[in-house]
Amino acid sequence: MASISLKNVVKRYGTGPKAVPVIHGVNADIAHGEFIVIVGPSGCGKSTLLRMVAGLEEITGGEIAINGKVVNDVEPSDRDIAMVFQNYALYPHMSVFDNMAYGLKIAKVPLDEIKARVDKAAKILEIGPFLQRKPRELSGGQRQRVAMGRAIVRQPQVFLFDEPLSNLDAKLRAQTRLEIQKLHRELGITSLFVTHDQVEAMTLAQRMIVMNGGVMEQFGTPEEVYTRPATTFVASFIGSPPMNLLKDAPDAKPGIITGIRPEHLDITPTGWALQVEAVEMLGAERLVYGRWAHSATDELVIIRTEESHSVPTLGATIHATPRPDRIHHFDAATGKRI
């Protein structure tokens, strides 16, 4: 296991006045054995940040340290990290065993130790019966487990995952998330996991880094990020459906954005008057979309209710009341939490 320290990490492409900044001074201290998820939309810089930790991208400024050692100029092969990519990158002509053992053979690890490591990783990942198969004979989920097994056998200080579940269907993604959680519990290796999927981030992370446009918007536990978002971006990105961010809420002060999550709005006899535009039935719950007539910005408000509530009629006027202890306030100019 190892700690990771990011100090004012900057990345720019090009030089001089035409240089394009893509990472704007990220600071984070990651403890031994932590599972950190880096989450954000496409193009936000999350994979670039991961690749800088791996040594696959040069650092323009700042400092990255692994276990107290600055690695800015250390080759990737000397950083004692293992990386799992979105594509499985398996050798098609090799068996599962040989794919997992290949790096160890190159490193001239004794054959009996190679077998012991591969067998142990295969047992953890439940791919023991497939060791003599070729990758083409495996499902997508099994191939991803082989890729993870190849990383495990190296016994690195740090695991780096770059959107490893993106090629899997929804059911396999959920199953593989559970396997990754189990893997981390058993091995306890410091891990950085990149994803654009906020469900993956919320379910896997011990702490999460929320990226936006190369800026670290927030670094905290899933609960902290969800219940006390630092910015309007975090509030809108984390949560499905996203937080209602209202510029023209009743009783709101000028320059203040009022935030309220859909599950913290209750349909009541009186309160905000909303005209129902749509209702989505989601099994145990439903989402009610309404607009209020008084709003100069014609804002849409989402309410999450349980299935036991009656279904409002489209076009009807309903009333909603926010729970006072669940209201958030943000500065309209900066987007930051007040």
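Just to be sure I understand: if I project the alpha-carbon convex hull of the range 114-154 onto a plane and average over all orientations, what area do I get in nm²?
2.6
Can you give the convex hull volume of the alpha carbon atoms of the chain per residue, in Å³?
Looking at the chain, the number lands at 171 Å³ per residue.
As a test of the formula, what do you get for the chain when each DSSP H run with n ≥ 4 contributes -39,500 (n - 2.57) and the sum is divided by the residue count, at 222 nm and rounded to the nearest 500 deg cm²/dmol?
Values: 8 runs with 85 residues, N = 338.
After summing the helix terms and dividing by residue count, I get -7500 deg cm²/dmol.
On a 1.4 Å probe surface of the protein chains, which of D169, D73, D112 comes out largest in accessible area, and what is the full order?
The ranking, largest first, comes out as D73, D112, D169.
Here is the link list: K46/K120; K46/K336; K120/K171. Which ones come out longer than 24 Å on Cα distance?
Over 24 Å Cα-Cα: K46/K120; K120/K171.
Give me the Å³ per residue figure for the convex hull around the C-alpha atoms of the range 42-157. Kindly include the intermediate steps, with their values, before the conclusion.
On the way: hull volume 14.8 nm³, N = 116.
Convex hull volume per residue, Cα atoms: 128 Å³.
Through the Karplus equation 6.51 cos²θ - 1.76 cosθ + 1.60, θ set to phi - 60°, convert the phi angles of the range 44-59 into ³J(HN,Hα) values in whole Hz; use x for Gly and Pro.
Ordered by residue, 3J(HN,Hα) equals 7, x, 5, 5, 4, 4, 4, 5, 5, 5, 6, x, 7, 10, 6, 8 Hz.
Where is the GNM fluctuation largest for the chain (alpha-carbon springs, 10 angstrom cutoff): S166, S139, S95?
S139
Taking trypsin sites (Lys or Arg not before Pro) as candidate sites, keep only those in a DSSP loop with at most 16 other Cβ atoms within 10 Å, then name the longest stretch of the chain containing none of them.
134-246
How large, in percent, is the carbon and sulfur part of the accessible surface of the chain at a probe radius of 1.4 Å? Numbers along the way, then the final one.
Values: 8440 of 16370 Å².
Summing carbon and sulfur atoms, their accessible area is 52 percent of the total for the chain.
Where in the range 218-242 does the amide nitrogen come within less than 14 Å of the point 7 Å from the Cα of R304, taken along Cα to Cβ?
Residues 223, 226-228, 235-242 qualify, since their backbone N sits under 14 Å from the label point.
Using the Cα centre as the reference, give the magnitude of the dipole from point charges on the C-beta atoms of the range 32-100 (Lys, Arg: +1; Asp, Glu: -1; all else neutral), rounded to the nearest 20 debye.
240
Please state the equivalent ellipsoid semi-axes for the range 141-203: what are the square roots of 5 times the Cα gyration tensor eigenvalues, largest first, in whole Å?
In descending order the semi-axes read 18, 13, 11 Å.
If Lys and Arg each add +1 and Asp and Glu each add -1, what is the summed charge of the other residues whose beta carbon sits under 15 Å from the beta carbon of K120?
Details: positive: K115, R117, K123, R145, R150, R154, K182; negative: D112, E113, D119, E126, E186.
So the environment of K120 carries a net charge of +2.
Give the dimensionless ratio obtained when the Cα radius of gyration of the range 163-259 is divided by 2.2 N^0.38 Å.
1.28
Among V96, T203, T227, whose Cα sits farthest toward the positive end of the charge dipole of the chain (+1 at Cβ of Lys/Arg, -1 at Cβ of Asp/Glu, about the Cα centre)?
Positive-most Cα among the choices belongs to V96.
The values are calculated or read from the model by the stated rules, or taken from the named source; none is laboratory data. Here the structure is a predicted model, which means the values were calculated and not measured. All Cβ positions, even for glycine, are placed from backbone atoms using ideal geometry, and neighbour counts span all protein chains on display. Surface accessibility is based on the protein's heavy atoms, side chains included, excluding ligands, DNA and RNA. Shrake-Rupley method; radii C 1.70, N 1.55, O 1.52, S 1.80 Å.
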